[in-house]
Amino acid sequence: MPRTPSEYAVHIMLEGGHREEVRFSTIQDFQKWYSGELVPKSDSDAFINVPLKTVQGEYMVLRPAKVVAIRVEPVFYGSVDRDY
(Lines give C-alpha, C1' and ligand atoms only; values in the text may rest on other atoms or scores of the structure.)
Protein backbone atom coordinates (compact mmCIF):
# COMPACT_ATOMS: atom_id res chain seq x y z
CA MET A 1 0.00 0.00 0.00
CA PRO A 2 1.61 3.29 -1.07
CA ARG A 3 2.02 6.01 1.52
CA THR A 4 0.68 9.49 0.94
CA PRO A 5 3.08 12.40 1.64
CA SER A 6 2.06 14.78 4.42
CA GLU A 7 3.48 17.73 2.48
CA TYR A 8 6.08 18.56 -0.15
CA ALA A 9 9.36 20.36 0.51
CA VAL A 10 10.39 22.41 -2.51
CA HIS A 11 14.09 23.29 -2.63
CA ILE A 12 14.77 26.31 -4.85
CA MET A 13 18.37 26.75 -5.98
CA LEU A 14 19.17 30.31 -7.02
CA GLU A 15 21.93 31.84 -9.09
CA GLY A 16 24.90 32.60 -6.86
CA GLY A 17 24.53 29.45 -4.77
CA HIS A 18 21.68 30.46 -2.48
CA ARG A 19 19.10 27.84 -1.54
CA GLU A 20 15.62 28.27 -0.14
CA GLU A 21 13.07 25.72 1.00
CA VAL A 22 9.32 26.22 0.96
CA ARG A 23 6.56 23.76 1.79
CA PHE A 24 3.37 22.97 -0.09
CA SER A 25 0.47 20.95 1.32
CA THR A 26 -0.15 19.06 -1.91
CA ILE A 27 1.67 18.48 -5.17
CA GLN A 28 -1.25 20.19 -6.91
CA ASP A 29 -0.61 23.38 -4.88
CA PHE A 30 3.01 23.33 -6.04
CA GLN A 31 2.06 22.64 -9.65
CA LYS A 32 -0.47 25.50 -9.59
CA TRP A 33 2.16 27.96 -8.29
CA TYR A 34 4.85 26.61 -10.64
CA SER A 35 2.75 26.69 -13.81
CA GLY A 36 0.81 29.83 -12.90
CA GLU A 37 3.55 32.07 -11.46
CA LEU A 38 7.04 30.80 -12.19
CA VAL A 39 6.90 29.35 -15.71
CA PRO A 40 5.07 32.24 -17.44
CA LYS A 41 7.60 34.73 -16.01
CA SER A 42 10.69 32.52 -16.22
CA ASP A 43 12.77 35.10 -18.13
CA SER A 44 11.64 38.02 -15.98
CA ASP A 45 13.76 39.97 -13.51
CA ALA A 46 10.61 41.27 -11.79
CA PHE A 47 9.82 39.81 -8.37
CA ILE A 48 7.14 37.14 -7.92
CA ASN A 49 5.67 35.94 -4.62
CA VAL A 50 6.53 32.53 -3.23
CA PRO A 51 3.87 31.21 -0.86
CA LEU A 52 5.13 30.41 2.63
CA LYS A 53 3.08 28.61 5.23
CA THR A 54 5.57 28.68 8.09
CA VAL A 55 4.74 32.00 9.77
CA GLN A 56 1.66 34.10 9.16
CA GLY A 57 2.60 37.41 7.59
CA GLU A 58 5.95 36.14 6.33
CA TYR A 59 6.57 36.08 2.60
CA MET A 60 9.36 35.60 0.11
CA VAL A 61 9.85 37.09 -3.31
CA LEU A 62 12.31 36.02 -5.97
CA ARG A 63 13.31 36.83 -9.50
CA PRO A 64 12.26 33.94 -11.78
CA ALA A 65 15.24 34.47 -14.09
CA LYS A 66 17.59 33.70 -11.17
CA VAL A 67 16.13 30.23 -10.43
CA VAL A 68 18.66 27.61 -11.50
CA ALA A 69 16.97 24.42 -10.26
CA ILE A 70 14.02 23.14 -8.24
CA ARG A 71 13.84 19.88 -6.32
CA VAL A 72 10.52 18.58 -5.00
CA GLU A 73 10.73 16.19 -2.07
CA PRO A 74 7.75 14.38 -0.53
CA VAL A 75 7.73 14.60 3.28
CA PHE A 76 6.15 11.81 5.29
CA TYR A 77 5.17 12.37 8.92
CA GLY A 78 4.99 9.36 11.14
CA SER A 79 5.72 8.09 14.59
CA VAL A 80 9.47 8.04 13.94
CA ASP A 81 11.18 11.43 13.71
CA ARG A 82 14.09 11.32 11.29
CA ASP A 83 15.85 14.65 11.12
CA TYR A 84 18.55 14.63 8.43
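The values are calculated or read from the model by the stated rules, or taken from the named source; none is laboratory data. Every value quoted in this text rests on a predicted model; they were computed, and no experiment measured them. Note that each Cβ is placed from the backbone with ideal geometry, even for glycine, and that neighbours are counted across all protein chains shown.
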Exercise. Conditions: (1) out of contact with any strand residue (DSSP E or B) (no Cβ under 7 Å at 6 or more places or on another chain); (2) outside any loop (DSSP other than H, G, I, E, B). M13 meets all but one. Number of the miss?
Worked result: (1)
Seminar exercise, completed: Scanning the stretch 24-50 for residues that are surrounded by 15 or more Cβ atoms within 10 Å (Cβ to Cβ) and not in a helix (DSSP H, G or I) gives F24, K41, I48, V50
Exercise. Out of all the residues in the stretch 1-54, which are of a type in the set (D, E, K, R), within 15 Å of the chain's Cα centre (by Cα) and under 21 Å from F76 (Cβ atoms)?
Worked result: E7, E21, R23, D29, K53
Exercise. If only one of E37, E21 is at pLDDT below 95 and farther than 28 Å from P2 by Cα, which one is it?
Worked result: E37
Exercise. Can we say E15 is in contact (Cβ under 8 Å) with a residue 12 or more places away in the chain, over 18 Å from Y59 (Cα atoms) and surrounded by 15 or more Cβ atoms within 10 Å (Cβ to Cβ)?
Worked result: no
Exercise. Restricting attention to the stretch 51-79, which residues are in contact (Cβ under 8 Å) with a residue 40 or more places away in the chain, exposed (fewer than 12 other Cβ atoms within 10 Å of the Cβ) and either part of a helix (DSSP H, G or I) or among the aromatic types (F, W, Y) (or both)?
Worked result: F76, Y77
